[in-house]
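Mind looking over this structure? Questions follow.
The values are calculated or read from the model by the stated rules, or taken from the named source; none is laboratory data. Source: prediction; values computed, not measured. Methodologically, a virtual Cβ is constructed for each residue, glycine included, from the backbone with ideal geometry; neighbour enumeration extends over all protein chains shown.
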Amino acid sequence: MKWTERDIPEQKGRVAVVTGANTGLGFETARALADHGATVVLAVRDVDKGRQAAARMSGDVTVQELDLTSLESIRAAAADLHGTHTGIDLLINNAGVMNPPKQITRDGFELQFGTNHLGHFAFTGLLLDLLLPVPGSRVVTVSSVAHRIRAAIHFDDLQSERSYSRVAAYGQSKLANLMFTYELQRRLALHGTTISVAAHPGLANTDLMRNSPAVLRVIAPVIAPLISHKPDMGALPTLRAATDPDVRGGQYYGPDGMGEYRGHPKAVESSPESHDRTVQQRLWTVSEDLTGVKFPV
């Protein structure tokens, strides 16, 4: 059977926080959860765009300012959420940047590693106390098929200060997302409530592709219908990871088509590199040091 949005269980009474939810995959994820009764928080950098997105959704949807390139903003957002919610059922780490020119965050991190990994690492750590007491709560972190491309965590040059490759930096950040997911799950397993799961959308036709090489942007209208799918389909692996009652901690969901580029969501395998526990634990320690965020697990 093919899992679809219709398979999402009733979400009434559940609180979901979705980062980057004003457009693309995040929008479709938040919309589907709201349609099924969840109280949804759109955690976005641009509040005006977030409000516009919320106006296109049904149900109980609010907007929370969150700039993942700023640890100050991340701490402020977490404090706001502690003031408005006594518990969180779903934290969906969806926001991301892909293949931009070399840039750094407000805290001096390479933009892709800083946003995609360190920002979500810090945000999760600061909110985890709101998830731990909630039965069935989940942290879902969105990775990418790109975690296999030039895959390595470059501890000797994490911020790409010596050399910068858009593709390699993106691949490192998406590999880090998976390593974070797996190490977090091992720590959560001792508590028996919250689980950590990963997902990837395959190739989804979203604004995330805007920084792709020019040649890809030119041929995209021709090849996109053949190898990619629309954002609502790309969001399904995340939605399944977040809501399917049969999901187990540490699983990874992606499309079931050739190359995992498109299709319906199923449990998939990540690269051998992503399962290196020594690197996972070292990355965790480095991430705590860089962000100043310590987890309660």
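Mind checking which pairs have a first residue in the range 182-200 that is buried (at least 23 other Cβ atoms within 10 Å of the Cβ) and a second that is in a strand (DSSP E or B) and among the small types (Gly, Ala, Ser), Cβ under 6 Å, 6 or more apart or different chains?
Cβ pairs passing all conditions: LEU184/SER196; LEU188/SER196; HIS200/GLY254.
Within the range 97-104, does at least one residue satisfy the condition of being of a type in the set (S, T, N, Q), on the phi > 0 side of the Ramachandran plot and more than 15 Å from the chain's Cα centre (by Cα)?
In the first step, residues of the range 97-104 are kept if they are of a type in the set (S, T, N, Q); the result is 99, 103.
If we keep only those that are on the phi > 0 side of the Ramachandran plot too, we end up with 99.
Among the residues that remain, those that are also more than 15 Å from the chain's Cα centre (by Cα) are: 99.
Scanning the range 97-104, I find at least one residue that is of a type in the set (S, T, N, Q), on the phi > 0 side of the Ramachandran plot and more than 15 Å from the chain's Cα centre (by Cα), so the answer is yes.
Hey, can you tell me all the residues within the range 157-181 that are surrounded by 15 or more Cβ atoms within 10 Å (Cβ to Cβ) and among the polar types (S, T, N, Q)?
Across the range 157-181, the qualifying residues are GLN159, SER160, GLN172, SER173, ASN177, THR181.
One line per residue, one yes/no per condition, for (1) surrounded by 12 or more Cβ atoms within 10 Å (Cβ to Cβ); (2) more than 23 Å from LEU91 (Cβ to Cβ); (3) more than 17 Å from the chain's Cα centre (by Cα); (4) at pLDDT 95 or above:
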{"site": "ASP207", "(1), (2), (3), (4)": "no, no, no, no"}
{"site": "SER212", "(1), (2), (3), (4)": "yes, yes, yes, no"}
{"site": "ARG217", "(1), (2), (3), (4)": "yes, yes, yes, no"}
{"site": "PRO245", "(1), (2), (3), (4)": "no, no, yes, yes"}
{"site": "ALA267", "(1), (2), (3), (4)": "yes, no, no, yes"}
{"site": "LEU290", "(1), (2), (3), (4)": "yes, no, yes, yes"}
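Still on this structure, I have one more. Does any residue of the range 38-52 turn out to be among the basic types (Lys, Arg), over 18 Å from the mean Cα position of the chain (by Cα) and surrounded by fewer than 24 Cβ atoms within 10 Å (Cβ to Cβ)? Before you say what the answer is, go through the steps one by one.
Filtering the range 38-52 down to residues among the basic types (Lys, Arg) leaves 45, 49, 51.
The next check asks that each one be over 18 Å from the mean Cα position of the chain (by Cα); those that pass are 49, 51.
Applying the additional criterion that residues be surrounded by fewer than 24 Cβ atoms within 10 Å (Cβ to Cβ) yields 49, 51.
Looking through the range 38-52, at least one residue is among the basic types (Lys, Arg), over 18 Å from the mean Cα position of the chain (by Cα) and surrounded by fewer than 24 Cβ atoms within 10 Å (Cβ to Cβ).
Going through the range 247-297 one residue at a time, which ones are in a helix (DSSP H, G or I) and among the hydrophobic types (A, V, I, L, M, F, W, C)?
Quick first cut of the range 247-297, residues in a helix (DSSP H, G or I) only: 258-260, 272-275, 277-291.
Scanning the range 247-297 gives MET258, VAL279, LEU283, TRP284, VAL286, LEU290.
While we're on this one: Restricting to the range 16-30, count the residues that are surrounded by fewer than 24 Cβ atoms within 10 Å (Cβ to Cβ) and either closer than 18 Å to LEU131 by Cβ or not hydroxyl-bearing (Ser, Thr, Tyr) (or both).
Step one: list which residues in the range 16-30 are surrounded by fewer than 24 Cβ atoms within 10 Å (Cβ to Cβ), which gives 23-24.
Right, trim to either closer than 18 Å to LEU131 by Cβ or not hydroxyl-bearing (Ser, Thr, Tyr) (or both) and you get 24.
Qualifying residue count, the range 16-30: 1.
Moving to a separate point now. Hey, GLY119 hits all of (1) within 24 Å of GLY108 (Cβ to Cβ); (2) in a helix (DSSP H, G or I); (3) touching a residue at least 60 places away in the same chain (Cβ under 8 Å) but one; which does it fall short on?
The one condition GLY119 does not meet is (3).
Residue by residue through the range 228-246, note down the ones that are assigned to a loop (DSSP other than H, G, I, E, B) and either polar (S, T, N, Q) or touching a strand residue (DSSP E or B) at 6+ places or on another chain (Cβ under 6 Å) (or both).
To start, the set of residues in the range 228-246 that are assigned to a loop (DSSP other than H, G, I, E, B) comprises 228, 230, 235, 244-246.
Result: SER228, single match.
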